[in-house]
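**Q** Encoded as structure tokens, here's the structure I'll be asking about.
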Amino acid sequence: MDFCKSTEWLGAWVATAAIFIAACTRDTEPPKETPADFVARASELLNKSARSAELAGFDFRADGSPQHADALALAQLEQGQRQAELWRQAGLYSAASTSPVVERQIRLLRMPPTMAAPFDKKLAAELASVQKELDQYYTNAQECTGRPSTCRKKMDLYDILKDPGRSPRDRLTAWREWHDYGVGIRDRYRQSVELLNRGARDYGFEDAGAVLRAQYDMTPAAFAEEYERLWEQVRPLYESLHCHVRTKLVDRFGPDVSPGEPIPAYLVGDMWGQYWESFFGLMGVPQGDNAVDVTQALENKDLKPEQVVQTAEGFFHSLGFEHLPAQFWKASVLEKNPEKNTDCHASAWPIDPANNDVRLVICMRLKDEDFRTVHHELGHIYYYLAYANQPFLFQDGANPGFHEAIGDTLALSITPDYLQTIGLAANDKLSGSRDLAQLMKVALNTLPSIAMAATVDHWRWKVFSGEIPPERYNRGWWEMVRKYQGLAPPESRGEADFDAGMFFHIIKARPYEQYLIAALLKFDFYRALCKAAGHTGELHRCSFYGSKAAGDRLRAALTAGRSRPWPDTLRELSGSDRIDGAALVEYFAPVAAWLKKQNEGRQCGWDNTTH
Ligand SMILES: [Zn+2]
């Protein structure tokens, strides 16, 4: 899902890879502390800056005032400088001269932060100032897209794009209003790219994209290959879904959509062609195959935001996890306060997990989407709490994708049976015919979001490497959108536009690689936990709710944090040290079979060349 873990900005840097230690530059002066003393001191310093940065980040999300923006920029700047200084000092230590636990921490200290600032203080301050401006730009746009007399809120525009009932004209106007706003930051974005590349080079990397790809216990090149392998496992299913959806859109929107061509981006899914679930009604899933309507169920129960969170908490508790700490309920923001400029992009915050201070920011609406988002965010929260007693440098996900996958793994267990168990769905007899509808809804969100992730990552890697230079930002963006998503711009868009600019993770300089990885990992985790829970039969019917055996396996993985390479943790959880897209394919088997039948005789796919 497109929601985030608070620490993406500062957390992804604690990755490890034996390969990088070999490339350490060494200062000539011998170290004054033992490796163990150095690691202890570094951890204390980093923990201190992390706590301030998390709190500043939370305050800014809860209320995006200029004061909070300043405080956050300052905290991040200080943190970046501290990391750079400790990175240099860690270069004095030989990896082989100490215990494995200390050695691993030194390796982690030698990893660069993602989106690292340059070592030069003036340039680092410049980056902080540019990034602050970009953050503020986005925050302001959320409330009003720029023309004071006619402006609309981001959520209103997003809602229009999610509604297949709106006319093509309304959709296009809303699409344009949000995307056109990107023009105002094109130059600032270019500056940020230059400064981030400078930072990456200071740490010995080719460019900032290589640093993003270096966070996974493998070289940037090996990660890019792994990424392609995983995308190729999903691509046939995405193209099959695309083919069926395109046919149905011809019925809905007429000649604006052409068989054999990419779908105009403003006509499907949402603002970014990322989640298509709201188009479910057009899909022609046979009558009688009604999925359980979670939104309706939540409305019928008239649940309060706290109760929605308690439901998700109940799932974790059923697996043997503790209840959420008191401070969570006291300090979290669960509803939008009209007096405050809350950033409604849901987020989970490890303010001080060792002392039970973890928090959630969400502007809860009683919708299926938010119900799943709460599970996603609690996945982050329970991960923070599970590894809180590890040494500071191990307090992170096994890899960044793990962190994103945990809550979603539980969300896959929100089956009709589970909803009946917790009293959210009517206790009528379920028929197998419901499976297709339920699965199609999940597919309509999952598969396009994976294709969208491939667009974002490939575009940004090419922007950082210079393969897509500033004068081709927009053309390069649409090449990637076309290639991976099979979508096209709604009209002639040129280099006066900056259509990638208003995507949250791009303007905010957040890593995105973890989402594609997580989208596949969660099915891997789910299959493994279902097996642990003793599930037999079709995978998608499994809910491991209430299974202590599944809970024990999950807790062991979460507690390990980043104390060892992630393939070791994955092996313990799933039995294999490689991520396997086959679990996703197995889950969607009924959808794949149905789509195959629907698509018989249709011209699927699209020409990948840009016109
Ligand atoms: Zn997340």
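**Q** When you check L573 against the structure, is it among the aliphatic types (A, V, I, L, M) and closer than 13 Å to F402 by Cβ, yes or no?
**A** Considered against the rule, which asks whether it is among the aliphatic types (A, V, I, L, M) and closer than 13 Å to F402 by Cβ, L573 comes out as yes.
**Q** With the requirement that a residue be in contact with an Asp or Glu (Cβ under 8 Å, 6 or more places away or on another chain), within 18 Å of L558 (Cβ to Cβ) and either among the aliphatic types (A, V, I, L, M) or surrounded by 16 or more Cβ atoms within 10 Å (Cβ to Cβ) (or both), what does the range 307-324 give you?
**A** L324
**Q** Name every residue in the range 581-611 that is in a helix (DSSP H, G or I) and of a type in the set (S, T, Y), in order of residue number.
**A** Y587
**Q** For the range 483-494, indicate whether the set of residues that are more than 16 Å from the ligand (Cβ to nearest atom), of a type in the set (A, V, I, L, M) and farther than 25 Å from R372 by Cα is non-empty. Spell out the reasoning first.
**A** Residues of the range 483-494 that are more than 16 Å from the ligand (Cβ to nearest atom), as a first pass: 483-494.
In the following step, the residues that additionally are of a type in the set (A, V, I, L, M) were identified as 487-488.
Those left that are additionally farther than 25 Å from R372 by Cα: 487-488.
Checking the range 483-494: at least one residue is more than 16 Å from the ligand (Cβ to nearest atom), of a type in the set (A, V, I, L, M) and farther than 25 Å from R372 by Cα.
**Q** Still on this structure, I have one more. Check every one of the helices (runs of 4 or more DSSP H) wholly within the range 364-463 and list those with 1 or more residues that are over 29 Å from L196 (Cα atoms) and within 16 Å of the ligand (Cβ to nearest atom).
**A** 368-386, 400-412
**Q** Take the residues in the range 354-363 that are farther than 26 Å from K154 by Cβ and not in a loop (DSSP other than H, G, I, E, B); name whichever of them is nearest to the ligand (Cβ to nearest atom).
**A** Out of the qualifying residues, it is V358.
**Q** Quick one: in the range 336-348, which of the residues that are within 12 Å of the ligand (Cβ to nearest atom) and in a loop (DSSP other than H, G, I, E, B) is modelled with the highest pLDDT? Show your work before the answer.
**A** Of the residues in the range 336-348, the ones within 12 Å of the ligand (Cβ to nearest atom) are 345-348.
Among the residues that remain, those that are also in a loop (DSSP other than H, G, I, E, B) are: 345-346.
Details: H345: 84, A346: 92.
Result: A346.
**Q** Still on this model: Given the conditions (1) closer than 28 Å to L419 by Cα; (2) within 16 Å of the ligand (Cβ to nearest atom), report the number of the one that S318 does not fulfil.
**A** If we test S318 against (1) closer than 28 Å to L419 by Cα; (2) within 16 Å of the ligand (Cβ to nearest atom), just (2) comes out false.
**Q** Restricting to the range 354-364, give me the number of residues that are buried (at least 18 other Cβ atoms within 10 Å of the Cβ) and more than 20 Å from the chain's Cα centre (by Cα).
**A** 1
**Q** I'd like to check which helices (runs of 4 or more DSSP H) are fully inside the range 187-303 and have at least 3 residues that are over 24 Å from W478 (Cα atoms) and in contact with an Asp or Glu (Cβ under 9 Å, 6 or more places away or on another chain).
**A** Per the criteria, 294-301.
**Q** Let me ask something else about it. For I351, only one of the following conditions fails: (1) outside any loop (DSSP other than H, G, I, E, B); (2) buried (at least 20 other Cβ atoms within 10 Å of the Cβ); (3) within 16 Å of the ligand (Cβ to nearest atom). What is its number?
**A** So the condition that I351 fails would be (3).
The values are calculated or read from the model by the stated rules, or taken from the named source; none is laboratory data. Predicted model only: the values in this text are computed from it and were never measured. Cβ atoms come from the backbone with ideal geometry, glycine included; neighbour counts cover every protein chain shown.
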